[in-house]
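**Student:** Encoded as structure tokens, here's the structure I'll be asking about.
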Amino acid sequence: MRNIIITPKRIKKELLILLVCLLIAIAVNIAAIISYQTSWWEILTQMGYEIAIALVLYFIFLIVRVLKFFILKIFSKK
Amino acid sequence: MTSKKQNKQSVDLSLRQFIKDLGGIAGGTALLASTPWLQSFTVDKLSELKKEKARLAVIGTGSRGQYHIHNMLDIEHLEIVALCDNYIPNLKDASVLCPKAKTYTDYKKLLESSEIDGVVIATPLNWHAPMVLDALDAGKHVFCEKAMALTMDECKAIYEAYQQTDRVLYFGLQQLFDEKYIKGIQMIHSGLLGDIVGMRCHWFRNHDWRRPVPSPELERKINWRLYWESSGGLMTELGSHQLEICNWAMGQRVPVSVSGMGDIVYWKDGREVYDSVNLVYRYANGVKINYESLISNKFNGMENQILGNRGTAELAQGLYYLEDDDASPAIQQLIAEIRDKVFSAIPAAGPSWRSETKGKYKPYAIVKNTAGVHSGASMIGADADGSDLILSSFAQACITGEKAKNIVEEAYVATILCLLGNQAMAEQKTIYFPEEYRIPYMKF
Ligand SMILES: NC(=O)c1ccc[n+]([C@@H]2O[C@H](COP(=O)([O-])OP(=O)(O)OC[C@H]3O[C@@H](n4cnc5c(N)ncnc54)[C@H](O)[C@@H]3O)[C@@H](O)[C@H]2O)c1
């Protein structure tokens, strides 16, 4: 069985991507708060939704990256 | 006691001031035109009375009669000069509250007294018509409890007698003097909820409606509510208030038909009247009142919902909600909007098949102070529900002789609708509003 080694650099990169996703989710919430004219407290009170959106974005991103990885691999073999 | 009294008077004055102010604002006159019985109910009109007092008698000193006496003792421009009841324990209890009042057991004797300007009638429903007609005949001003009468013919007779007399006649529809109903209906008439598209009223209790009876021969006297000879059951006792509110909201429009079902579901104790009723009243334009009352489950309490295409009013609680005013957090609204767009993009998945789950609506108070909210649990009445103010207005009218516009008509319409509802349930068919009971006040 092959060992998968996750390097500290890799972890840092993934966390950074997750952080960017979270910032995007917060930005979406801020845009929604402005557009629906609700309370600014929702940036904090709706943190659960923001994290959920961040995770969804992260996984979409992950799928894109995995697809990109396989496509590049196929082309590089040719 | 003094602070309670002061509090009652300040409620009286603040409502009177509100009504006076309303006359001065743009559009206020139009709103007052839809509540014309309030036009003389202002601070100025009250101050015109100076120190005059209406001399009133209370006929029927049971639970509602004594509740009225408590309220009347706090009203400065009236004095209770006589009491009448043919059940001595109730007469004695009332006499303790106002010891100076002369007591009678026969209301006809009381009506002969020249020292009485007006009477407050709080007897069982079967006594309303004879007492109102006799009192008007005797030249007295009359305040009678709702509903108007036990039969449609009696209602018509009262209505006609009122057309002939110069005496004042009020019926105990206290919501007509309840701040949250007045302001709520005025908001509705000013278009806040858009077009009225439906109404839902219910009154739920978990109580058998029975009162303890000291000896069996008094059963029908004390538990008069349970027998058709003296009561219209849930419809006249509870529904009359709610149907009046619907018609008030609809601006004198009256339903053209009613169908419904009534049963004794739970309290099978020898009573005759239903303990469960479900009715649909239909207006000519298709708007419907869904009316439901049940007295073996109180989960839903009491409510009068007026549904408009732009919002909903829950008048018993004094609240309203707007359709386009989703109170959910912004992010949830955004997700819902995206989801709706995605679903409506799929032809088979349009909103028509998706079940509408109840959204969270932000409640707005019609009146800041929500005191006097009637949960529907009390059989006698709620505090500050307009019962004291309607008596204050009646006493004022006894002094000035000014008839209150529309109160008799509102009581007439509401009572006829209750009785038609009872007929529809008894005959198990749709009943159309009969020609012979239509009056010029009604719009169909
Ligand atoms: N507006 C409201 O919210 C409201 C609330 C409760 C009751 N009510 C109405 O008030 C009325 C009385 O209800 P209640 O709960 O007080 O009933 P109740 O039985 O407690 O009192 C009725 C009284 O009338 C007396 N009475 C009966 N026949 C009489 C007669 N011929 N002469 C003199 N007295 C007579 C009885 O002895 C009794 O004391 C009913 O019409 C009821 O619908 C209105």
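The values are calculated or read from the model by the stated rules, or taken from the named source; none is laboratory data. Bear in mind the structure is a predicted one, so any value in this text is a computation, not a measurement. Glycine gets a Cβ as well: all are built from the backbone with ideal geometry, and neighbour counts include every protein chain shown. These accessible areas exclude ligands, DNA and RNA; they are computed on the full protein's heavy atoms, side chains included. Shrake-Rupley method; radii C 1.70, N 1.55, O 1.52, S 1.80 Å.
**Student:** Give, ordered by residue number, each residue of segment A:36-65 whose 1.4 Å probe accessible area is reduced by a minimum of 20 Å² on adding the remaining protein chains to the chain alone.
**Tutor:** In segment A:36-65, residues shielded by partner chains: A:Tyr36, A:Thr38, A:Glu42, A:Gln46, A:Tyr49, A:Ile53.
**Student:** Angle check, please: helix B:125-137 long axis (alpha carbons) against the longest principal axis of chain B (alpha carbons), in degrees 0 to 90, nearest 10.
**Tutor:** In chain B, helix B:125-137 runs at an angle near 60 degrees to the longest axis.
**Student:** Calculate the spin-label point distance for B:Ala377 paired with B:Asp44, positioning each point 7 Å from the Cα along the beta-carbon direction, and give it in nanometres.
**Tutor:** Output for this residue pair reads 4.3 nm.
**Student:** Same structure again: How much solvent-accessible surface does B:Val265 expose, in Å² to the nearest 10, with a 1.4 Å probe and all protein chains in place?
**Tutor:** Around 80 Å² of this residue is reachable by solvent.
**Student:** Could you give the angle, 0 to 90 degrees to the nearest 10, between helix A:8-36's Cα long axis and the longest principal axis of the Cα atoms of chain A?
**Tutor:** In chain A, helix A:8-36 runs at an angle near 30 degrees to the longest axis.
**Student:** To continue, here is another question. In degrees, nearest 10, range 0 to 90: what is the angle between the Cα axis of helix B:2-24 and the longest Cα principal axis of chain B?
**Tutor:** 60 degrees
**Student:** Related question: Calculate, axis by axis, the spread of Cα positions in the protein assembly as shown along the three principal axes, and write the results as whole Å, longest axis first.
**Tutor:** Between the extreme Cα coordinates on each principal axis of the protein assembly as shown lie 116, 52, 45 Å.
**Student:** As a test question: what accessible area, to the nearest 10 Å², does B:Glu79 have when a 1.4 Å probe is rolled over all protein chains in place?
**Tutor:** 80 Å²
**Student:** What are the extents of the Cα atoms of segment A:9-72 along their three principal axes, listed from largest to smallest and rounded to whole Å?
**Tutor:** 45, 22, 14
**Student:** I need the P(r) histogram for segment B:378-437: all alpha carbon pairs, bin width 5 Å from 0 out to the longest distance, whole percents.
**Tutor:** 4, 14, 15, 17, 16, 12, 13, 8, 3, 0
**Student:** Rounded to the nearest percent, how much of the accessible area of segment A:9-72 (1.4 Å probe, protein heavy atoms only) is carbon and sulfur?
**Tutor:** Its accessible area is 83 percent carbon and sulfur atoms.
**Student:** Give me the one-decimal nm value for the distance between modelled label points at B:Lys221 and B:Glu402, 7 Å along each residue's Cα-to-Cβ direction.
**Tutor:** 4.2 nm
**Student:** Expressed as a whole number of Å, what is the distance separating the alpha-carbon centroids of segment B:168-204 and segment B:409-444?
**Tutor:** Measuring centre to centre over Cα atoms gives 19 Å.
**Student:** Right, here's the next one. Separation of segment A:22-38 and segment B:258-319 by C-alpha centroid, Å?
**Tutor:** 43 Å
**Student:** I need the calculated FRET efficiency for the pair B:Glu115 and B:Tyr87, taking r as the beta carbon distance and R₀ as 22 Å, to the nearest 0.05.
**Tutor:** Once the sixth-power term is evaluated, E becomes 0.40.
**Student:** Going by average Cβ neighbours within 10 Å, how do the peptides B:388-395, B:272-279 rank, with the highest at the top?
**Tutor:** With the highest mean Cβ count within 10 Å placed first, the list reads B:388-395, B:272-279.
**Student:** Considering only DSSP beta bridges where both residues belong to chain B, give the percentage that are antiparallel (nearest 5).
**Tutor:** Rounded to the nearest five, the antiparallel share is 55 percent.
**Student:** Next question. Using a Cα-Cα cut-off of under 18 Å, which lysines could be cross-linked to B:Lys156, ignoring same-chain neighbours fewer than 8 residues away?
**Tutor:** Qualifying lysines at Cα under 18 Å: B:Lys146, B:Lys405, B:Lys443.
**Student:** Using a simple spin-label model with points 7 Å from Cα along the Cα→Cβ vector, what separation in nm is obtained for B:Ser257 and A:Gln37?
**Tutor:** 4.4 nm
**Student:** Relative contact order for chain B: what percent, with Cα pairs under 8 Å and sequence separation of 6 or more?
**Tutor:** 19 percent
**Student:** Averaged across orientations, what area in nm² does the convex hull of the alpha carbons in chain B project?
**Tutor:** Its average projected convex-hull area is 23.8 nm².
**Student:** Right, another one. Return the FRET efficiency for the residue pair B:Ser63, B:Leu13: r is the Cβ-Cβ distance, R0 is 22 Å, and the value is rounded to the nearest 0.05.
**Tutor:** The pair B:Ser63/B:Leu13 has a calculated efficiency of 0.20.
**Student:** Within segment B:422-442, what residues put their amide N at less than 19 Å from the label point 7 Å along the Cα-to-Cβ vector of B:Ile264?
**Tutor:** Taking a point 7 Å out along Cα→Cβ of B:Ile264, the residues of segment B:422-442 whose backbone N falls under 19 Å are B:422-428.
**Student:** For an R0 of 25 angstrom, estimate the FRET efficiency from the Cβ-Cβ distance between B:Ser344 and B:Val197 and round to the nearest 0.05.
**Tutor:** 0.65
**Student:** Would you calculate, for chain B, the mean residue ellipticity at 222 nm contributed by helices, counting each DSSP H stretch of 4 or more residues as -39,500 (n - 2.57) and dividing by all residues, to the nearest 500?
**Tutor:** Only helices count here, giving -11000 deg cm²/dmol.
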